[in-house]
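The values are calculated or read from the model by the stated rules, or taken from the named source; none is laboratory data. Computed from a predicted model, the values in this text were never measured in an experiment. FYI the Cβ positions are ideal-geometry reconstructions off the backbone, even for glycines, and counts take in every protein chain you see. Heavy atoms of the whole protein, side chains included, go into the accessibility calculation; ligands, DNA and RNA do not. Shrake-Rupley method; radii C 1.70, N 1.55, O 1.52, S 1.80 Å.
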Amino acid sequence: DGGITQSPKYLFRKEGQNVTLSCEQNLNHDAMYWYRQDPGQGLRLIYYSQIVNDFQKGDIAEGYSVSREKKESFPLTVTSAQKNPTAFYLCASSIVLAGHNEQFFGPGTRLTVL
Amino acid sequence: DAKTTQPPSMDCAEGRAANLPCNHSTISGNEYVYWYRQIHSQGPQYIIHGLKNNETNEMASLIITEDRKSSTLILPHATLRDTAVYYCIVRVAYTGNQFYFGTGTSLTVIP
């Protein structure tokens, strides 16, 4: 069954702690993305990666870090420098091709910082 | 900068066609129009995309005006399961594969 998995679905952390969100895909997609969504808002791009060992900052990268050591995996670390980390985090992947690039999304992780 | 404008909310009677408009007046010639939808607390789902011709698939139809400055997503027979937020997105060319999601249109299908 091909798809994108994110774990866990719900995550609670104390303020000041770093936390890493998992994203794995078995679609053989080169590109992967992390978005953040706040209540009643659209998605905002945090980081994206078009190839292994390379990634680019999105619009709201401050306070976040990523790695792309394997094609299948693109973990996101929410650091203590992120001022308002409580949000719904979505991971996506796509092929890299001129023209149609449908993004496939995971189910999301809802992070609550107490 | 989402580059698209959508009404914040719409209602539609179950069984009727839902027509969701989107303005993208600054669209470039090589930019596609994509539609995604997001059911509450789930990841967005791809619906359809187009460049300049009208498109139809098993989920919906996409009508793009001749000047490409606006488009309409049509769900021909809306069901309660179509209640969701619908995002109209213009794919930014030459900057990788970034998609810019605005706030979308919250569609409520009424029984």
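The figures follow:
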| quantity | calculated |
| --- | --- |
| Candidate set from the range B:1-13 (those that are open to solvent by less than 50 Å² (accessible area, probe 1.4 Å) and touching a Gly at 6+ places or on another chain (Cβ under 9 Å)); member that is nearest to the other protein chains (Cβ to nearest Cβ) | B:Ala2 |
| Among (1) more than 11 Å from the chain's Cα centre (by Cα); (2) open to solvent by 50 Å² or more (accessible area, probe 1.4 Å) - the single one A:His29 does not satisfy | (2) |
| Pair list, Cβ under 8 Å, 6 or more apart: the range B:22-42 residue under 23 Å from B:Thr83 (Cα atoms) and open to solvent by 70 Å² or more (accessible area, probe 1.4 Å), other residue modelled with pLDDT under 90 and among the polar types (S, T, N, Q) | none |
| Residue match in the range B:78-93 (condition: surrounded by fewer than 16 Cβ atoms within 10 Å (Cβ to Cβ), modelled with pLDDT of 90 or more and either in a loop (DSSP other than H, G, I, E, B) or touching a Cys at 6+ places or on another chain (Cβ under 9 Å) (or both)) | yes |
| Extreme residue, modelled with the lowest pLDDT, among residues of the range A:22-42 that are of a type in the set (Gly, Ala, Ser) and in a strand (DSSP E or B) | A:Ala31 |
| Of residues in the range A:73-96 being surrounded by 15 or more Cβ atoms within 10 Å (Cβ to Cβ), assigned to a loop (DSSP other than H, G, I, E, B) and not hydroxyl-bearing (Ser, Thr, Tyr), the one farthest from the other protein chains (Cβ to nearest Cβ) | A:Gln82 |
| Filter pass, A:Gly63 being open to solvent by less than 30 Å² (accessible area, probe 1.4 Å), small (Gly, Ala, Ser) and modelled with pLDDT of 95 or more | yes |
| Scan of the range B:38-62 for residues that are assigned to a strand (DSSP E or B), touching a Leu at 6+ places or on another chain (Cβ under 8 Å) and not small (Gly, Ala, Ser), ordered by number | B:Ile47, B:Ile48, B:His49, B:Glu55, B:Thr56, B:Leu62 |
| Any hit, the range B:62-69, residues being within 10 Å of chain A (Cβ to nearest Cβ) and open to solvent by less than 60 Å² (accessible area, probe 1.4 Å) | no |
| Unmet criterion (only one of (1) surrounded by fewer than 18 Cβ atoms within 10 Å (Cβ to Cβ); (2) within 10 Å of chain B (Cβ to nearest Cβ); (3) of a type outside the set (Ser, Thr, Tyr)) for A:Gln17 | (2) |
| Residues of the range A:43-59 that turn out to be surrounded by 15 or more Cβ atoms within 10 Å (Cβ to Cβ), more than 11 Å from chain B (Cβ to nearest Cβ) and in a loop (DSSP other than H, G, I, E, B), as a count | 1 |
| Boolean, B:Arg16 is over 24 Å from A:Met32 (Cβ atoms), open to solvent by 40 Å² or more (accessible area, probe 1.4 Å) and part of a loop (DSSP other than H, G, I, E, B) | yes |
